[in-house]
1. In region 168-193, how many are assigned to a helix (DSSP H, G or I), under 17 Å from Lys218 (Cβ atoms) and either of a type outside the set (Lys, Arg) or in contact with a Pro (Cβ under 8 Å, 6 or more places away or on another chain) (or both)?
2. So how many residues does region 194-232 have that are surrounded by fewer than 14 Cβ atoms within 10 Å (Cβ to Cβ), among the basic types (Lys, Arg) and either modelled with pLDDT under 75 or not in a strand (DSSP E or B) (or both)?
3. Within region 74-87, is even one residue more than 23 Å from Asn9 (Cβ to Cβ) and aromatic (Phe, Trp, Tyr)?
4. Report the residue count in region 165-187 for those that are of a type in the set (Lys, Arg) and modelled with pLDDT under 90.
5. Output the number of the condition that Val143 fails; it satisfies all remaining conditions of (1) surrounded by 15 or more Cβ atoms within 10 Å (Cβ to Cβ); (2) modelled with pLDDT of 85 or more; (3) part of a helix (DSSP H, G or I).
6. Which helices (runs of 4 or more DSSP H) does region 1-95 wholly contain that include 3 or more residues that are over 30 Å from Cys162 (Cβ atoms) and at pLDDT 90 or above?
Amino acid sequence: MEIIKDINNAIEYIEDNLGSNISIDEIAKVALTSRYHFQRMFHALTGVTLTEYIRNRRLTLAGEELSSKDVKIIDVAAKYGYESPDAFTKAFQRLHGSTPSMIKKGNTRLKSFPKLSFQISIKGECEINYRIVKQDESKFFGVDFLTTLIDNALYKEIPEFCDKIWEDGTHLKINEFLGYSKMNMLYGIHYDFKEDGSRRYMMGWKVPDKDIPNEYKKIGRAVQQECRDRCE
C-alpha cells in the first residue's frame, strides 16, 4: 500500500536528519500528507508522539556514540539538538537511567529505541463464515472541494484542504455544532467520481437529527463505499 511506503519514506527522512534540525513540516511532505494528519496518524500507529520518537532515536544514537567513541558530552548534546549539557543530561537519564558521564566510564547499560519500520501482513489461510449485509445509505454534511487523480494532484490537495479547515476553524465549528470535542476526527469522503479522474472530497460527519446550517453541503452515500478515511 502506498500509505505504508510513504510512512517508511518519512522514517528514512528522520533517520537521515537526526543529527541536524528536523522539520515536522518536511517530514509530512515526504509522507505526502499534512503536518497535523501525519502526527495524529503516527501516534495512532505507534503509541508514541512523533517528537517523542525523534527524541528517543537521538538519545539512542547519542548513547551509542558516548559508549564507543572518544567524544565530548557537550559536542554530542549539541549534535542532537540540546542547547546545554544539563538539558541533554536530564533527557538522557530519563531514557537510559544513567547519565552521559556514567556511560562514558563504561559501567552501565544503555537502553535502545530502535528505528521503526511499517509493514502490512495479510493472511488468508483461515476459513471464515461470513454474510453480506446491505448497509443503509448514510447522509453526510460538511465542506468539500473538487480534486483529481491527474498528476496525483489529490495527494497534495487533500492534505492542504485538511490543514485549511483546521486553521480557519471549520473543523472546530463542525464539532461544536455536533456537540463533540474539538479533537474529534472528521470523516473524509471521496464521492462523485468522474471518468476524467476528477472527484469531490468532503470533510464532515453523518447528518444528525437536526437542521444543518446552510453553509454546509449535504450528500447521501453508502458508508462502506465512500467513507474511505478520517481526517486526523
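1. Counting residues in region 168-193 that are assigned to a helix (DSSP H, G or I), under 17 Å from Lys218 (Cβ atoms) and either of a type outside the set (Lys, Arg) or in contact with a Pro (Cβ under 8 Å, 6 or more places away or on another chain) (or both) gives 4.
2. Adding up the residues that qualify gives 3.
3. Yes.
4. 1
5. Val143 satisfies all of (1) surrounded by 15 or more Cβ atoms within 10 Å (Cβ to Cβ); (2) modelled with pLDDT of 85 or more; (3) part of a helix (DSSP H, G or I) except (3).
6. Counting at least 3 such residues, we get 50-68, 73-79.
The values are calculated or read from the model by the stated rules, or taken from the named source; none is laboratory data. Predicted model only: the values in this text are computed from it and were never measured. Neighbour counts are summed over all protein chains in view; Cβ atoms, including those assigned to glycine, are modelled from backbone coordinates with ideal geometry.
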